[in-house]
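**Student:** What follows is a single structure, and I will ask about it in a moment.
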Protein chains: 2
Amino acid sequence: MTASTGGPDGSTEQDVPLALEDAAYREAVIDLLGAISYGEISAFERLVEDGTLAPSLEDKVAVATMATAEFARVAGLHARIAELGADPFAAMAPFREAIDRFHAHTAPADWFEGLIKAYVGDGLADDFYREIAAYLDATTRDLVLASLEDTGHAAFVVDRVRAAIAADPRLGGRLALWGRRLMGEALTQAQRVAAERDALSALLAGGVDRPGLDLAAIGRMFARLTERHAERMAELGLAH
Amino acid sequence: MTASTGGPDGSTEQDVPLALEDAAYREAVIDLLGAISYGEISAFERLVEDGTLAPSLEDKVAVATMATAEFARVAGLHARIAELGADPFAAMAPFREAIDRFHAHTAPADWFEGLIKAYVGDGLADDFYREIAAYLDATTRDLVLASLEDTGHAAFVVDRVRAAIAADPRLGGRLALWGRRLMGEALTQAQRVAAERDALSALLAGGVDRPGLDLAAIGRMFARLTERHAERMAELGLAH
């Protein structure tokens, strides 16, 4: 799926070169793919590390399967960055500090905090990238959406966390606080990235031939992200 | 590839049921697949952990790619254990202690020790399983051999280690000692497993309709394993 293989109606063929002629747009797409790539690599590494806390080998294998599914997406994102003429490792570099800091500030104290971080943290990141995807050319949008598909392990986390809270209701209070802390830390690091990466921020504001978001629309986007976070916490059996 | 889907010459169809009617053989195969599975899971986890020592993000991604290739083999091995009527997690349980002890006694002190452990340790285990595969029914043999295929990253390790030794020749002496320690620890743990798992040991001695190894043949097998270990050390630029 490259720019040269357009659909029969020619829409893809038109869409990609037009958008990518805009240097600021191209830079923003490379930033976005770099951020998602490093996020996946980082999530992979932390998930495997959290798996060492697993109470059983079955749980360890379930978490390792989630982790390898995350990592498997990196190759496609890197290939697209290279197609756009950039180096994948250079593209990831600007996001290492913020993503590493997010993980350093949210090191799980136990197995359940690790599970919730995987579920809530990845869910939040995925929702955010899905919102951004609406402003992308078709080829990049398809790639980003494919990289966000549920790896099918959300049910595993919900099952384990609900069972643990049923067995020890006090756990619910601690994990609800943990969920709020994850959300707060994610917003802090996202704001830092937005302040530093002009091209990425400008993407949301629109550009040549592309509609953007006004302040009210950005507000509505954040309201949607917060609402979905609350839904995930409720699914886990945790009051928001 | 199950017992009911034999080839046109009927050889696979005959082969599998005959061998698996022998309860001791079946038990040995389940043991073997359990040991390989836990070995892959364990190698995956240690490789990702060693990746945190990587000097660059490129090196981290290369090692994570090796690790996920190891992990991807587990599902097929588990499916075969289930086909044979056993629980994959129960099948792995008897090997956890020896494999965990191997890793605890060979925790790499730095990035290069981790690379050599991945290359030399996996190479040794793969050679050993390949020797055993000669005594298996065709279906199990194919599965075991497929699970041992080089994930194509040996060249990465050889390149990195040779470059490091060229830059600092004293490193070569330390890493050569490390290679010998890995070999010694692997033999210690393998002997412990052989002493405890009668069915697995008996596999090498042969059984109904299957030829086995006499003591001289076992001696020759160990000579071959040692020779291949020495070849790998030489490839790394390390005197044995």
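The values are calculated or read from the model by the stated rules, or taken from the named source; none is laboratory data. Nothing here was measured: the structure is a model prediction, and the numbers come from that model. Here the Cβ is made from the backbone with ideal geometry for all residues, glycine too, and neighbour counts use every protein chain on show. Please note that ligands, DNA and RNA were not included when accessible areas were found on the heavy atoms of the full protein model with its side chains. Shrake-Rupley method; radii C 1.70, N 1.55, O 1.52, S 1.80 Å.
**Student:** In segment B:74-91, how many residues are within 11 Å of chain A (Cβ to nearest Cβ) and closer than 26 Å to B:HIS153 by Cα?
**Tutor:** Adding up the residues that qualify gives 3.
**Student:** Can you report the number of residues in segment B:150-160 which are touching a residue at least 40 places away in the same chain (Cβ under 8 Å) and over 21 Å from the mean Cα position of the chain (by Cα)?
**Tutor:** Within segment B:150-160, residues that are touching a residue at least 40 places away in the same chain (Cβ under 8 Å) and over 21 Å from the mean Cα position of the chain (by Cα) number 1.
**Student:** What helices (runs of 4 or more DSSP H), lying completely within segment A:121-240, carry at least 2 residues that are hydroxyl-bearing (Ser, Thr, Tyr) and out of contact with any Cys (no Cβ under 6 Å at 6 or more places or on another chain)?
**Tutor:** Answer list for segment A:121-240: A:138-147.
Listed here are the residues, each with its yes/no results for (1) open to solvent by 30 Å² or more (accessible area, probe 1.4 Å); (2) under 19 Å from A:ASP110 (Cα atoms); (3) touching a residue at least 40 places away in the same chain (Cβ under 8 Å).
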{"position": "A:LEU148", "(1), (2), (3)": "no, no, no"}
{"position": "A:ARG162", "(1), (2), (3)": "yes, yes, yes"}
{"position": "A:ALA167", "(1), (2), (3)": "yes, yes, no"}
{"position": "A:GLY172", "(1), (2), (3)": "no, yes, yes"}
{"position": "A:ALA176", "(1), (2), (3)": "no, yes, yes"}
{"position": "A:GLY179", "(1), (2), (3)": "no, yes, yes"}
{"position": "A:MET183", "(1), (2), (3)": "no, yes, yes"}
{"position": "A:LEU187", "(1), (2), (3)": "yes, no, no"}
{"position": "A:ALA190", "(1), (2), (3)": "yes, no, yes"}
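**Student:** With (1) within 18 Å of A:ARG46 (Cα to Cα); (2) more than 11 Å from chain B (Cβ to nearest Cβ) as the list, and A:LYS60 as the residue in question, which single condition is left unmet?
**Tutor:** Every listed condition holds for A:LYS60 apart from (2).
**Student:** Where in segment A:46-111 are there helices (runs of 4 or more DSSP H), lying fully within it, with 2 or more residues that are touching a Leu at 6+ places or on another chain (Cβ under 8 Å) and open to solvent by 30 Å² or more (accessible area, probe 1.4 Å)?
**Tutor:** Per the criteria, A:88-105.
**Student:** Sticking with this one: Does A:ALA205 satisfy being open to solvent by 20 Å² or more (accessible area, probe 1.4 Å) and free of Cβ contacts under 8 Å to residues at least 12 places away in the same chain?
**Tutor:** yes
**Student:** Here is a follow-up. Please list, ordered by first then second residue, the pairs with beta carbon atoms under 6 Å, 6 or more apart or interchain, first in segment A:38-49 and touching a residue at least 60 places away in the same chain (Cβ under 8 Å), second surrounded by 23 or more Cβ atoms within 10 Å (Cβ to Cβ) and aromatic (Phe, Trp, Tyr).
**Tutor:** A:TYR38/A:PHE95
**Student:** Still on this structure, please answer the following. If you go through segment B:143-179, how many residues are modelled with pLDDT of 90 or more and among the acidic types (Asp, Glu)?
**Tutor:** Going through segment B:143-179 one residue at a time, the tally reaches 2.
**Student:** May I ask you to say which residue of A:ALA72, A:ALA79 is under 17 Å from the mean Cα position of the chain (by Cα) and on the phi < 0 side of the Ramachandran plot?
**Tutor:** Step by step, each of A:ALA72, A:ALA79 is checked, and only A:ALA72 is under 17 Å from the mean Cα position of the chain (by Cα) and on the phi < 0 side of the Ramachandran plot.
**Student:** Also, quick follow-up: State whether one or more residues within segment B:26-43 are at pLDDT below 90, farther than 19 Å from A:THR65 by Cα, more than 11 Å from chain A (Cβ to nearest Cβ) and crowded, with 23+ Cβ neighbours inside 10 Å.
**Tutor:** Checking segment B:26-43: at least one residue is at pLDDT below 90, farther than 19 Å from A:THR65 by Cα, more than 11 Å from chain A (Cβ to nearest Cβ) and crowded, with 23+ Cβ neighbours inside 10 Å.
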